[in-house]
Each structure stands twice: as structure tokens, then as C-alpha cells.
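Chemist: Once you've had a glance at the structure underneath, I'll fire off some questions.
The values are calculated or read from the model by the stated rules, or taken from the named source; none is laboratory data. It should be emphasised that the depicted structure is a prediction, and the values quoted were computed from it without experimental measurement. Backbone-built Cβ (ideal geometry, glycine too); neighbour counts: all protein chains shown.
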Amino acid sequence: MSKRNTFIIYLLFFSVILWFKSDIVCFANEPVIVVIDPGHGGENLGAQYEKYTEKELNMIVAKYMKEELEKYENIIVYLTHTDDVDMSLKDRAEFAKEKNADFLFCLHFNASVHQNLFGTEVWIPSKGELYAKGYQFAEIQMQQMQDLGLYSRGIKTKLNDNGQDYYGILRQCSKLDVPSVLIEHCHLDHDMDKPFYQKGDAQLMELGKRDATAAAKYFGLKSDELNIDYSNYEKVPVIAPDGIVKPDKTEPEISQIEMLSLDNSTGEITVKMNAFDNDSYILYYMYSFDGGKTYSDLQKWPRPVWNQSFPDHTFKVTVPFDQEIDFVACAYNGFDVWKESNHIQIDAISSPQNEESIPTAKVIYEEISYEPLNDYEISGFFDSEKNLLLLAVSIISMIIIIILCVMVSMIIKLQKSNKQMKKK
Ligand SMILES: [Zn+2]
């Protein structure tokens, strides 16, 4: 080989090495691009409950999420909109595509038609790699919300009649191959969830921070400012499904109840319920005393993790007195499809008749109340007629006693002087 050829080969070799290295360096420096989409806006208010309007809450949480995410290195964060405008779902997805987004996080709050549902949920695309990415993020997001105390309604897909993703933002993003999820933080209209958003700005900030933390973990980000390094964070491995991941449309397979005990004096019954869903998980249960005409509020069904549930649960309830009870329960699955249990007939329990023996503790307590005398009562002592009479009686008694004493001493003196007179 000539000297020239050897030189060319060496030159080619070093060029390839340089090109490869620069590409790796370049790739490593490629920042993560995140688009946050505050749900609704403008005329489109979203859910409304009492003084709360969803579009406003979504925007506040979105801004806090952006603020927190920007504390991490190597990330660029955009909001689809910052003004109060009604942006189409297509425009939001296209905005993310234009920005070359690695993910779009769509933020929402929920409310239910019957105001009976509570908890947090993440909706994800139903197909392929986008499903896998959605699920992987949602798993982290769900843990963030559960750690805060919110009840997990699950990570789910939902389809429209055409078998496409039901939620427009997921459908539009999937068309453009942008990974996306829709986060429903909690239900505005349920007592179980109100404590997580109604106490003001700090709570919305907390939700935004947790959304950001989930994203930071997902992308393995680092923050010197926060002194956090998620670069070794291990995500749950999720394999991209071949077909469409369909929601569970069928009711739970098992929903059975058995009465373990009945306390005739208190009306308390202990019920063991068996419930199981082959396709998803049991989410809630509820019970009825009148054969299913009216039901209790939905109750949490015990679940060790969000996508598992225990096959049975024992609970106590107090049945109303003086009426025949037709006890029945319902098991709800993660997709809000429910199955009624068998019925248990309970004879009317008469209300306790021994009212006389009911301790009068309350009355006694009221009699010996320890209310301190206030100034008015002290100065007003003589204003009370009863007190004046008491005072008069005391004075008269004292006068009578003094008169009696004087009379007795006078009688004694008189007797003494009589004796002395006799002696003389
Ligand atoms: Zn919404």
C-alpha cells in the first residue's frame, strides 16, 4: 500500500470516528421537549362546580407544572395556550407536532353526571407504541396522585363508536404520532376529592409539581436547583400491544354478599362481599336497604395497587329500625360497569323501647354546666328579685336574732338586779 493510500484510509477512519462521536454528543444534548395542554378555555369552560370553573384550574396547574419542569436541565416546556382562548384539539396537537414534542400532557379536572364518582385517572392512547409510552408515564403519574391521598380510578383507554380513541386530544396527537395522555386530577363535585383542590392555590401548585415530577421521572431528568437526579429512574417496562387495547365493557363476573352477623340492639350487620372482574378490577361498591331502589354513596373497594383488587371485603352497616330490609350490594369495576349482588331479607328490627333506661347523662351535664359568671352577672347580683328577697330575709333574720339576744341579756340583767334587791 502506498503512503498516500494509507493516509487516505487513516483520514477516512478518523472522519468516521469524529462524525459518530459528534452525533452521540449532539444526541445526548438534545433537549426533551414537553408540551402541556391546559384543557378547555374561552367559551369552553369544562366542568363547573360551585365557584370553580375547570378551565381556570387547568391553566393554574399547567403553569405550575411548567414552572417546576423548567427547574430541570435539558428540557424545553411549552403551553399550548396561555390566554383564555378556545383552541381546537387539532390545533393543540399540531402545536405539539410543530414543536417536535416528545410528549403532550393534557390537564383536566373531572365531574360526574350523578356526582357520585371520585378519584384520579389517566386516559391513554389505545394503540401500539403510543399506548406503551402513555402507560409508562401514567404509572408514574398515578403513584404521584396516590401518594397525595387521591383514590386511583385507574389508567385506561376509551373508544368512540368508530373504534378510535374517544378523547379528541389523544386521537389528534396519535394521528401525528405525538405521545400523549389526558390527566383527570380529581372530581370537583365529590366530597372525597374536594379536600385536594378547594383549599386554594397551594394545592393547585402541589398538583402541578407532582405532574412535573412524574414527567421528570419519565424522562430521567436532573435538576441542580432541586438537587434531584432521576437519570437512573426505572420505569415499569410496557410492551407495545399488537392491536387496540379496549376498555372493559362487561360487568364484574362475581358480586355476592353474605351476612356474617346481626346485632338486634343496634341494627348493625356485618356483611362479607365477594367481587371480581376478570377484565379489569373492582373499583367501588355500594349497598341498598330497599332492594336497590336507593343506594348508599360509592365506597372504596380495597385495592393493594391500582390495577388489582382484593376478591372479598367485609364491612359493617347499620340498618334502619322498624322496616323489612331487602339488603343488596353492587360491585363497580374500573370502567364504572356494575353488577348487583344476591339479596338478603332481614326481618324488621324494632327500635329500642327501653327509653326510660336511657342514661340521662346529657341532662345531668346540662345542670352542672360550668359557665363562669360574667361581669354583668356579678354586678347584676342585686338586680335579681330572688337575690333581693334572699338578702332581705337574711337581714330580717339577723335583726330578729340581735333583738332576741338583747332581750335575753336584758332578762338576765333584770333577774340579777332583782336578786340583789332581795338580799338588801
Ligand atoms: Zn375537562
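Chemist: Can you pull out every residue in segment 36-58 that is without any contact (Cβ under 8 Å) to a residue 60 or more places away in the chain, more than 12 Å from the ligand (Cβ to nearest atom) and not acidic (Asp, Glu)?
Modeler: 42, 51
Chemist: Being more than 20 Å from residue 333 (Cβ to Cβ), more than 16 Å from the ligand (Cβ to nearest atom) and part of a loop (DSSP other than H, G, I, E, B): is that true of residue 147 here?
Modeler: no
Chemist: Please work out which one of (1) crowded, with 16+ Cβ neighbours inside 10 Å; (2) over 30 Å from residue 340 (Cα atoms); (3) of a type in the set (D, E, K, R) is the condition residue 189 fails and give its number.
Modeler: Residue 189 satisfies every listed condition except (2).
Chemist: Check off (1) in a loop (DSSP other than H, G, I, E, B); (2) more than 24 Å from residue 153 (Cα to Cα); (3) not assigned by TED's automatic domain parsing to the domain that holds residue 152 for residue 303 and give me the number that stays unchecked.
Modeler: (2)
Chemist: Filter segment 85-114 down to the residues that are surrounded by 14 or more Cβ atoms within 10 Å (Cβ to Cβ) and farther than 17 Å from residue 172 by Cβ, then identify the one that is farthest from the ligand (Cβ to nearest atom).
Modeler: Applying the filter and picking the extreme gives 112.
Chemist: Another question, if that's okay. Please find, among 152, 180, the residue that is touching a Gly at 6+ places or on another chain (Cβ under 8 Å), of a type in the set (Gly, Ala, Ser), in contact (Cβ under 8 Å) with a residue 40 or more places away in the chain and within 15 Å of the ligand (Cβ to nearest atom).
Modeler: Only one candidate passes the filter, namely 180.
Chemist: Can you pull out the residues in segment 116-140 that are closer than 18 Å to residue 57 by Cα and either charged (D, E, K, R) or assigned to a helix (DSSP H, G or I) (or both)?
Modeler: Across segment 116-140, the qualifying residue is only 121.
Chemist: Name the residues in segment 172-208 that are out of contact with any helix residue (DSSP H, G or I) (no Cβ under 8 Å at 6 or more places or on another chain) and part of a helix (DSSP H, G or I), would you?
Modeler: Matches in segment 172-208: 194, 195, 202.
Chemist: With the structure loaded, tell me whether residue 124 is among the hydrophobic types (A, V, I, L, M, F, W, C) and either closer than 22 Å to residue 284 by Cα or away from the ligand (no atom under 14 Å from the Cβ) (or both) or whether it fails that test.
Modeler: yes
Chemist: Out of 240, 215, 202, I need the residue that is farther than 17 Å from residue 108 by Cβ, within 27 Å of the chain's Cα centre (by Cα) and of a type in the set (A, V, I, L, M, F, W, C). Which one?
Modeler: 202
Chemist: For segment 150-162: of the residues being closer than 16 Å to residue 210 by Cβ and part of a loop (DSSP other than H, G, I, E, B), which is nearest to the chain's Cα centre (by Cα)?
Modeler: Among them, the one singled out is 150.
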